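Structure first, commentary second.
Nothing in this text is a laboratory measurement; each read-out follows from the coordinates by a stated rule. Since the structure is predicted, the reported quantities are computational estimates derived from the model, not experimental observations. Note that each Cβ is placed from the backbone with ideal geometry, even for glycine, and that neighbours are counted across all protein chains shown.
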């Protein structure tokens, strides 16, 4: 039995080693804006910042509000300035006719095939064309799979995501036609997430989260964090469940109703972030 969720793609989470240079890349090169920024004294109960119990921050960046754009969550652990990178993350594809010009102006290296590399080694494939109207510039997140058939079974037959494209070595899945998709690409070896591993996030209605728990449990698949409510001081409390697919890729499903409240852009966030970067001596 597959789920039939009213799902929505939200964001991908990166652990970043250098906030200043990382934000230069996302703002000055990719042309994204800071949507919100939050500082935390302790680690997240759902391991949002990885297996760290120290002070950390979260910065959401993108081309527009998360209500109708796929964005990126940049998590920074104070004092941690290197993460071993595995082979799990391949790239994020962006369709935007201005990025390559901005990269040139910022003296950011352009790799073969119109690829840009963010600090930490995260690669972005740039399609040098204007984005179609009503479509997000973020086209897809590409992650590695060691077994295409197994990934197809998990993402389509269990979680219920729609298959938009399929080849011998890739599958492209998602919830909605005009939003960012997830691509699983066969790499011919075991997927190694190392220390820099990320997490992809989706939303679904609050009432559907228990169905996720039920179906994933019935199929003996992995639940990393059972349903838990997470507080952000002064903001909405959001319920989440964290899963892992057959290759260990982390998947977060948040309740859509409360997440829409939490994810509202905050104009003062950019000023707060820049101040925190200035004060950071770690």
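Cβ-Cβ distance below 6 Å, separation of 6 or more or different chains: which pairs start in the stretch 103-123 with a residue that is on the phi < 0 side of the Ramachandran plot and in contact (Cβ under 8 Å) with a residue 40 or more places away in the chain and end on one that is assigned to a helix (DSSP H, G or I) and surrounded by fewer than 17 Cβ atoms within 10 Å (Cβ to Cβ)?
106/28; 119/21
Any residue in the stretch 269-282 that is touching a residue at least 12 places away in the same chain (Cβ under 8 Å) sitting within a Cβ distance under 8 Å of a residue that is part of a helix (DSSP H, G or I) and surrounded by 16 or more Cβ atoms within 10 Å (Cβ to Cβ)? List the pairs, counting only those 6 or more apart or interchain.
As it stands, the answer is 273/19; 273/23; 276/19; 277/19; 277/23; 280/19, since those pairs meet every condition given.
What are the residues in the stretch 195-234 that are more than 19 Å from residue 254 (Cα to Cα) and surrounded by 13 or more Cβ atoms within 10 Å (Cβ to Cβ), if any? Working first, answer last.
Going through the stretch 195-234, the residues more than 19 Å from residue 254 (Cα to Cα) turn out to be 195-197, 218-220.
195, 196, 197, 219 - these are the residues of the stretch 195-234 that are more than 19 Å from residue 254 (Cα to Cα) and surrounded by 13 or more Cβ atoms within 10 Å (Cβ to Cβ).
Restricting attention to the stretch 113-124, does a residue exist that is loosely packed, with under 15 Cβ neighbours inside 10 Å, part of a strand (DSSP E or B) and under 19 Å from the mean Cα position of the chain (by Cα)?
yes
Looking at residue 9, is it within 17 Å of the chain's Cα centre (by Cα) and surrounded by fewer than 17 Cβ atoms within 10 Å (Cβ to Cβ)? Before you say what the answer is, go through the steps one by one.
Working: within 17 Å of the chain's Cα centre (by Cα): yes; surrounded by fewer than 17 Cβ atoms within 10 Å (Cβ to Cβ): no.
For residue 9, the condition - within 17 Å of the chain's Cα centre (by Cα) and surrounded by fewer than 17 Cβ atoms within 10 Å (Cβ to Cβ) - is not met.
Which one is surrounded by the fewest Cβ atoms within 10 Å (Cβ to Cβ) among residues in the stretch 241-254 that are within 16 Å of the chain's Cα centre (by Cα) and more than 13 Å from residue 11 (Cβ to Cβ)?
Here is the first cut: in the stretch 241-254, the ones within 16 Å of the chain's Cα centre (by Cα) are 241-245, 248-254.
Those left that are additionally more than 13 Å from residue 11 (Cβ to Cβ): 241-245, 248-249.
Working: 241: 22, 242: 21, 243: 21, 244: 18, 245: 22, 248: 16, 249: 25.
Looking at the filtered set, the residue picked out is 248.
Yes or no: residue 19 farther than 19 Å from residue 95 by Cβ, in contact with a helix residue (DSSP H, G or I) (Cβ under 6 Å, 6 or more places away or on another chain) and crowded, with 23+ Cβ neighbours inside 10 Å? Spell out how you get there, then give the answer.
On the way: farther than 19 Å from residue 95 by Cβ: yes; in contact with a helix residue (DSSP H, G or I) (Cβ under 6 Å, 6 or more places away or on another chain): yes; crowded, with 23+ Cβ neighbours inside 10 Å: no.
So residue 19 does not fit the description; no.
Residue by residue through the stretch 63-104, note down the ones that are surrounded by fewer than 16 Cβ atoms within 10 Å (Cβ to Cβ) and under 25 Å from residue 281 (Cα atoms).
79, 81, 82, 84
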